[in-house]
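The values are calculated or read from the model by the stated rules, or taken from the named source; none is laboratory data. The model shown is predicted, which means the values in this text are computed figures rather than measured ones. Neighbour counts run over all protein chains shown; Cβ positions are idealised from the backbone, glycine included. Only protein heavy atoms, including side chains, enter the accessible area calculation; ligands, DNA and RNA are left aside. Shrake-Rupley method; radii C 1.70, N 1.55, O 1.52, S 1.80 Å.
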Amino acid sequence: MPQTQTARLMDGAALARHVLDHTAAMSSAISHRTGKAPCLATVLVGEDPASATYVRMKRTRCETVGITSRHLPLPATTTTTELVDAITSLSEDPEVHGILLQHPVGGHIDERAAFEAIAPHKDVDGVTMRSFAAMSFGLPGFVSCTPGGILRLLDAYDVDLAGKRAVVVGRSAILGKPAGMLLLARDATVTYCHSRTRDLRSIIREADVLIAAAGRPHFIHGEDIKIGAVVVDAGYSPGNVGDVDFDTAKTRASLITPVPGGVGPMTIAMLLSQTAEAAALQMGLVPAELIPSQG
Ligand code: NAP
């Protein structure tokens with residue numbers, strides 16, 4: 001068996017454009033049929049510049065695909081009760097179809113309580129326990145956006161997951177855990193690794209499919225990658241740095257995501273796609289019948 005090869009790139013930016021084109025077509029069909037555009041509510045607690053930038057990017061992208069957005073900025077002093085009340089109001093508002101709570105929220109807030117105030121049919125970011133359960137049981141529901149985007153990428157590049165050894169490095173509620181559940185639902189044999197995992201590198205070396213989601217810049221090197229593995233780098237650290245050392249990993253992987261331009265663009269695309277789908281369902285429309293298939 002050869003000891004090196006050159007990986008094909010998994011182009012998340014191109015796939016995201018495709019998903020966004022489809023989303024724009026769906027939004028347009030919804031507006032045409034009902035006279036109302038899909039609406040995403042964004043909730044931001046405090047003034048963290050990075051969080052504010054993320055929210056701004058998401059709202060700008062909404063405009064480009066015919067989704068309206070309603071922004072709810074809340075002061076850093078907001079209590080859990082106040083945040084839960086604000087999100088509950090959005091959950092009950094028929095003009096709002098999807099809700100995004102930008103996280104992390106301040107340390108004094110019970111983030112889980114705030115997420116759970118999002119009505120499941122408006123949970124377009126896939127953060128509630130109900131959405132996680134649906135992902136785990138393979139039932140209909142909205143997926144967590146980054147893991148959902150990863151699965152879309154794997155599908156777009158015809159990665160057959162059944163029976164494959166998938167290793168997920170990271171176990172956060174929004175990324176690692178749901179990514180593993182979605183892979184398990186596709187019959188992969190999933191191993192989760194985290195900061196307490198012993199002998200991490202030997203586990204990574206067994207991965208046919210590696211999902212790096214630890215947020216540790218370049219901590220996975222080519223020598224740790226099994227020849228021919230599919231490598232998805234969800235990590236993102238300042239300076240556009242992923243968890244995987246791309247230059248060495250690409251000489252051993254068969255497929256690899258770049259950073260930037262891999263998983264990142266898919267996250268926003270999934271959020272907007274799910275917002276349009278939520279709007280269609282809430283307006284009594286069947287998303288799949290609105291426009292030709294996603295291909
Ligand atoms: P997080 O909540 O901090 O979780 C990090 C996970 O990695 C934890 O489970 C942690 O283990 C594990 N970990 C940390 N250091 C490790 C090490 N040395 N070895 C093994 N496991 C280790 O982060 P997150 O929100 O899941 O995000 C992870 C990364 O993905 C970040 O770089 C973030 O910026 C990126 N991200 C990207 C997108 C995107 O759209 N591209 C979206 C979301 C997140 P413990 O559980 O034991 O602490």
**OP:** Please go through region 219-271 and pick out each residue that is more than 17 Å from Arg8 (Cβ to Cβ) and hydroxyl-bearing (Ser, Thr, Tyr).
**Re:** Tyr236, Ser237, Thr267
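A quick yes/no check of all residues on (1) in a loop (DSSP other than H, G, I, E, B); (2) surrounded by fewer than 17 Cβ atoms within 10 Å (Cβ to Cβ); (3) not assigned by TED's automatic domain parsing to the domain that holds Thr251:
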{"position": "Leu15", "(1), (2), (3)": "no, no, yes"}
{"position": "His22", "(1), (2), (3)": "no, no, yes"}
{"position": "Ile30", "(1), (2), (3)": "no, no, yes"}
{"position": "Leu44", "(1), (2), (3)": "no, no, yes"}
{"position": "Ser51", "(1), (2), (3)": "no, yes, yes"}
{"position": "Glu63", "(1), (2), (3)": "no, yes, yes"}
{"position": "Gly66", "(1), (2), (3)": "yes, no, yes"}
{"position": "Pro73", "(1), (2), (3)": "no, yes, yes"}
{"position": "Leu100", "(1), (2), (3)": "no, no, yes"}
Original post:
Within the bounds of region 119-127, is there any residue that is among the small types (Gly, Ala, Ser) and open to solvent by 60 Å² or more (accessible area, probe 1.4 Å)?
Top reply: no
**OP:** Examine region 162-173 for a residue that is in contact with a helix residue (DSSP H, G or I) (Cβ under 6 Å, 6 or more places away or on another chain), within 16 Å of the ligand (Cβ to nearest atom) and open to solvent by 60 Å² or more (accessible area, probe 1.4 Å), and state whether such a residue exists.
**Re:** yes
**OP:** Search region 88-98 for residues being open to solvent by 50 Å² or more (accessible area, probe 1.4 Å) and in a loop (DSSP other than H, G, I, E, B), and hand back the single one that is nearest to Tyr54 (Cα to Cα).
**Re:** Glu95
Subject >> Check on Asp243, within 9 Å of the ligand (Cβ to nearest atom) and at pLDDT 95 or above >> reply: yes
Original post:
If the Cβ limit is 9 Å and pairs must be 6+ apart or interchain, which residue in region 102-118 that is under 15 Å from Thr88 (Cα atoms) and open to solvent by less than 30 Å² (accessible area, probe 1.4 Å) pairs with which residue that is assigned to a loop (DSSP other than H, G, I, E, B) and among the aromatic types (Phe, Trp, Tyr)?
Top reply: none
Subject >> Check on Ala76, farther than 23 Å from Met283 by Cα and touching a Gly at 6+ places or on another chain (Cβ under 6 Å) >> reply: yes
Subject >> Single residue of Gly126, Gly148 found to be out of contact with any strand residue (DSSP E or B) (no Cβ under 6 Å at 6 or more places or on another chain) and at positive phi >> reply: Gly126
**OP:** Confirm whether Arg205 is open to solvent by 30 Å² or more (accessible area, probe 1.4 Å), touching a Lys or Arg at 6+ places or on another chain (Cβ under 7 Å), of a type outside the set (Gly, Ala, Ser) and more than 18 Å from Ala156 (Cβ to Cβ).
**Re:** yes
Subject >> Selection from region 263-279 of residues that are among the hydrophobic types (A, V, I, L, M, F, W, C) and crowded, with 23+ Cβ neighbours inside 10 Å >> reply: Val263, Met266, Ala269, Met270, Leu271, Leu272, Ala276, Ala278, Ala279
